[in-house]
Structures are given as C-alpha cells and as structure tokens.
Amino acid sequence: MGFRSGAAEGVPVVLVPGSTGNALTWYRYVETLGREHPVIALDPIGEPGEASQTRPIRDAGDVAAALEETLAGLGVERAHLVGMSYGGWAVLRHELAFPGRAASLTLLDPGGFGRLGAKFWIWLAAGAIAGLAPGPLRRRLSPLVRNAVLRDENLIRLLPLAMRFRRRLPLPDTVTDAELAALTVPTLMMLGEHSALYSSIEVAARVRRVLPAARVEIVPGASHDLPAHSPDLVAERISGFIR
C-alpha cells in the first residue's frame, strides 16, 4: 500500500518506515522531497497500516521479495529508496536481491550493522514507557531518553497502534563487508551520534572503508530517533543527494 504525492513526473522517491511504522511516519518529509519528484510513502507488509499480508515473512529474502512485490504492484520500475531503521535494512536487502531497481539508496540509522543489544531494548522500552506519560511530562522526558518522537504530537498518536499490533517479521541480519562492497548504486547513510543500535563512529568508519563512494554523515545530538530528531536537515540532505 502506498500513498502518492509530490511532482507529477520523474523517478519517484519511495519512503519505507521503521519497525511498527507506516506512511504517516514521513509526514514532515513529503513536502520537501515532493518538490522535484513524485513521492510514495509505504505502509509496508507486516507493519501496522493498510497493507494486507497473505503469507509469512520469515527471512531477509522474504523481506526483499515483499518490497519488490509492492513496487511492482505500484508500477514503480525504478526509484530512489529511502528507509529508516528496519526500513533501511529492508531497502538495502532489496537492492542486494534485485540490483538495479534502485536509482539511489538512503539509509537512516539502518538496521543490519550489528546485533541488537541491551542498549537498543532499553532505549525502546524507555521510549514506550515515557510515551504513556501525560503530554507535558512526556515532552520533558524526550531529551532524557533521546527520543524526539515523544515531543511530536502527530507521531506520538501512532504509539497506541504500535503497542497493540502483533508484529511477526524477522530481525535484521548483519550485512557483510562483501555485500556492502557489491553495491553499485549511489548510497547516502545518515547516523545518529548517539544511535541506540551501534557505535555510529564505528559503522561510519566501516562503510567509508568498504564502500568509499557512499556519503556518510553522523548527525550531532541524534539517537535512533534521527528522522524525528532532525527532519528538516535529513529531508534537505536526501533532496540534495538525489538531485
């Protein structure tokens, strides 16, 4: 399921949200990215939204195939693929499985660059608990738990839906150096300085070493909340990159 807006012609920008996210996650990005390109914000299969899942998604191959099926169903032959967190891992896996379908890749604090450790689960739980607090307290807690979603009154509305939704998707596997080196598509990676997934400094160094043509940027002050923490900056970076 995809929601279209933006320019009438050109290679579309396809936006893939993170875990338990949907098309609404991208509401602060559509205007900027849509100035020069059609924009399609996805409700991915397996996430809370309008997409219907008809069979299990068991591994990375199934995740890539589901995204390919979605793009084909939307009539998208080539696209600038943008993914946050789990969506970043998904678009990377898609390009490795279906090389040439992407005009570019933008990966926003993506999964797939190390195993999920206690740091991530603590960050996730702290954000969920803080999200249940009254509005004024929730907003004050936002910087303490490094989660800008808590001060976004539109995104926070998705929290009850996410907490009720029973998600059955595989955890991201680790992308190898050989897989990274095999990428030929222009790639932009943006990482939160305080990412809850990994050391952004180590991941940035690895990507620069293995895929030197990629653009890599660490955003000061951001954690795994990068897309909500710095939406204007990230949107302008994406727009300039695909231009």
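The values are calculated or read from the model by the stated rules, or taken from the named source; none is laboratory data. Just so we're clear, the structure is a prediction, and the values are computed from it rather than from any experiment. We place every Cβ from the backbone using ideal geometry, glycine too, and count neighbours over all the protein chains shown. Remember, those area values only see protein heavy atoms, side chains included, never the ligands or the DNA or RNA. Shrake-Rupley method; radii C 1.70, N 1.55, O 1.52, S 1.80 Å.
Things worth noting here:
- Note that the range 65-164 presents 46 Å² accessible area per residue, ligands and nucleic acids not counted, probe 1.4 Å.
- The trypsin sites (Lys or Arg not before Pro) of the range 1-57 that DSSP puts in a loop, and whose beta carbon has at most 16 other beta carbons within 10 Å, are ARG28, ARG35.
- Positive-end ranking of LEU141, ALA162, ALA23 along the dipole of the chain, with charges on Cβ about the Cα centre, is headed by LEU141.
- Cα shape, the chain, gyration tensor, a/c 1.5 rule: rounded
- Each other residue within a Cβ distance under 15 Å of GLY127 adds +1 if Lys or Arg and -1 if Asp or Glu, for a net charge of +4.
- Point-charge dipole on Cβ atoms (K/R +1, D/E -1) for the chain, about Cα centre, debye to 20: 640 debye
- Amide H contacts under 5 Å for HIS37, placed H, 5+ residues apart: ALA7
- Apportionment of accessible area to carbon and sulfur, the chain, percent (1.4 Å): 56 percent
- Cα shape, the range 187-243, gyration tensor, a/c 1.5 rule: oblate
- From most to least packed by mean Cβ count within 10 Å, the peptides 142-153, 76-87, 174-185 give 76-87, 142-153, 174-185.
- Across the chain, Cα pairs under 8 Å and at least six residues apart give a relative contact order of 20 percent.
- Only helices enter the 222 nm calculation for the chain: every DSSP H run of n ≥ 4 contributes -39,500 (n - 2.57), and dividing by all residues gives -10500 deg cm²/dmol, rounded to 500.
- Environment charge at GLY6 (Cβ cut-off 11 Å; Lys +1, Arg +1, Asp -1, Glu -1): -1
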